[in-house]
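Peer 1: Pasting a structure here, questions to come.
The values are calculated or read from the model by the stated rules, or taken from the named source; none is laboratory data. The shown structure was predicted, so the numbers you read here are calculated from the model rather than taken from an experiment. Note that each Cβ is placed from the backbone with ideal geometry, even for glycine, and that neighbours are counted across all protein chains shown. In case anyone asks, the SASA skips ligands and DNA or RNA and just uses the protein heavy atoms, side chains included. Shrake-Rupley method; radii C 1.70, N 1.55, O 1.52, S 1.80 Å.
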Amino acid sequence: MTNTVLLVGNLGADPETRSTRGDTRITNFSLGTSRPKRDSEGKVMKDPSTGYTLKDTEWHRVTCFNGLGKTVEQYATKGMMVSVRGRIHYSQYEKDGIT
């Protein structure tokens, strides 16, 4: 099985870059993806005052390394629409006994 994902959305903020002690460049940014909001019957919901379709937005934390991170840092800015191809990695942490 292959873990491959393609996301297309808008940057929520300018990318942030840091470097490790080993000089690995790590660039992070938030990517918002949207889809039409649906009611319990599966119908697309609209705003009654404007008539626009309501959206559900999900936020994804994206991490890039080294050369790709440098390119993202140089050219990507808040609000820009981008496409990301990569893999999904879920993580969790525990603090004060709460996961």
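Peer 1: Across the stretch 16-28, what is the total count of residues that are open to solvent by less than 70 Å² (accessible area, probe 1.4 Å) and part of a strand (DSSP E or B)?
Peer 2: Residues of the stretch 16-28 open to solvent by less than 70 Å² (accessible area, probe 1.4 Å): 17, 20, 22, 24, 26-28.
Subsequent filtering for residues that are part of a strand (DSSP E or B) retains 17, 26-28.
Total meeting the criteria: 4.
Peer 1: How many residues are part of a helix (DSSP H, G or I) and within 25 Å of residue 3 (Cβ to Cβ) if we restrict to the stretch 71-99?
Peer 2: As a first pass, look at the stretch 71-99 and keep what is part of a helix (DSSP H, G or I): 71-75.
Remaining after also requiring within 25 Å of residue 3 (Cβ to Cβ): 71-72.
Residues in the stretch 71-99 being part of a helix (DSSP H, G or I) and within 25 Å of residue 3 (Cβ to Cβ): 2 in total.
Peer 1: Among 68, 31, which is among the hydrophobic types (A, V, I, L, M, F, W, C) and either assigned to a strand (DSSP E or B) or at positive phi (or both)? Full working, then the answer.
Peer 2: Details: 68 fails: either assigned to a strand (DSSP E or B) or at positive phi (or both).
31 is the lone residue from the list that is among the hydrophobic types (A, V, I, L, M, F, W, C) and either assigned to a strand (DSSP E or B) or at positive phi (or both).
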